[in-house]
Amino acid sequence: MANKLLKKIEFSGILTLKTGLHIGGTNSSMQIGGIDKSVIRNPLTNQPFIPGSSLKGKMRSLLQVAKGSIKEMDRPMGGNVYFVSTDDGPDADLFGNATGNRSQKPSRLIVRDCNLVNADELLDKTEMSYTEGKTEVVIDRITSAANPRQIERVPAGARFRMNLVLNIWEQDNNADILMNNLFKSLELLRDDYLGGSGSRGYGQISIEIEKITEKSSEKYYGVANATPVDISNKYVDQINKLKT
């Protein structure tokens, strides 16, 4: 059966850092006494951002664990990797899979890069451009020797514009399940962490969905009465649950 786009559901909101965030960038300009691990930045504005790939990958992995879509291999799948995601889990309908056969599913969800909203505020208050340097000390458990290092973080209070697009196809009869799993993955992310070093306090976030807009595929063909519709009220319970 051919796939036909029925509508697009666009989520617009704000992702706010409650603790410092580190998503790694290049260390090509590292100097002696400088930052050991830098954050990823937009090369044109020099502002840190959250890559859509980082956000989407974390959302998917958390949903897979919550839904039990992880299986143990009889033998390692390269290196020491014994645990991998299944290809037919509930996350596959939303995030797609890459089986390479007739059961392959393209991703329904588009996750955009998240750009900084309050850049001017951060620039005025941070020691580096938009970021902070956090000093950590690695202690050798045998010799007790200390090895200090500095990690660059986007500080708590930074706010990023979040934009997600969910494609619904005509033959889909599981649109409500897709929406529920999307909200569930956002809840899981809110209660977990984003980026690196989450077990050491990094990457705690809050998520605020400001608007959910439904766009019929007819809109792209100039059909009358096919204007985008605000459907936020339909999901007010899920939106409010994200805030708690």
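The values are calculated or read from the model by the stated rules, or taken from the named source; none is laboratory data. Note that the coordinates shown come from a computational prediction; the quantities given were computed from them, not determined experimentally. Here Cβ is always computed from backbone atoms with ideal geometry, including for glycine, and neighbour counts include all displayed protein chains.
The residues of the range 126-135 that are in contact (Cβ under 8 Å) with a residue 24 or more places away in the chain and of a type outside the set (S, T, N, Q), listed by number, are Met128, Tyr130, Glu132, Gly133, Lys134.
One residue stands out among those in the range 140-171 that are of a type in the set (Asp, Glu) and in contact with a Lys or Arg (Cβ under 8 Å, 6 or more places away or on another chain): the one that is nearest to Asp237 (Cα to Cα), which is Glu170.
Would you please name the residue that is farthest from Arg108 (Cα to Cα), looking only at residues in the range 171-188 that are crowded, with 18+ Cβ neighbours inside 10 Å and of a type in the set (S, T, N, Q)? Ranking the qualifying residues of the range 171-188, first place goes to Ser185.
The single condition from (1) outside any loop (DSSP other than H, G, I, E, B); (2) among the hydrophobic types (A, V, I, L, M, F, W, C); (3) under 24 Å from Asp91 (Cβ atoms) that Leu194 fails is (1).
Please determine whether any residue of the range 229-241 is closer than 16 Å to Asn180 by Cβ, loosely packed, with under 13 Cβ neighbours inside 10 Å and either in contact with a helix residue (DSSP H, G or I) (Cβ under 7 Å, 6 or more places away or on another chain) or among the acidic types (Asp, Glu) (or both). Checked against the condition, which is being closer than 16 Å to Asn180 by Cβ, loosely packed, with under 13 Cβ neighbours inside 10 Å and either in contact with a helix residue (DSSP H, G or I) (Cβ under 7 Å, 6 or more places away or on another chain) or among the acidic types (Asp, Glu) (or both), the range 229-241 yields at least one hit.
Tally up the residues in the range 90-115 that are more than 17 Å from the chain's Cα centre (by Cα) and not in a helix (DSSP H, G or I), please.
The total comes to 10.
Quick check on the range 189-201. Is at least one of its residues surrounded by fewer than 18 Cβ atoms within 10 Å (Cβ to Cβ), at pLDDT 95 or above and among the hydroxyl-bearing types (Ser, Thr, Tyr)? No - not one qualifying residue is present in the range 189-201. The set of residues from the range 82-114 being surrounded by fewer than 16 Cβ atoms within 10 Å (Cβ to Cβ), of a type in the set (A, V, I, L, M) and at pLDDT 65 or above comprises Ala98, Ile110.
Taken over the range 202-244, residues that are without any contact (Cβ under 8 Å) to a residue 60 or more places away in the chain, among the aromatic types (Phe, Trp, Tyr) and in contact with a strand residue (DSSP E or B) (Cβ under 8 Å, 6 or more places away or on another chain) amount to 1.
The set of residues from the range 209-226 being at pLDDT below 95 and surrounded by 11 or more Cβ atoms within 10 Å (Cβ to Cβ) comprises Glu214, Lys215, Ser216, Ser217, Glu218, Lys219, Tyr220, Val223, Ala226.
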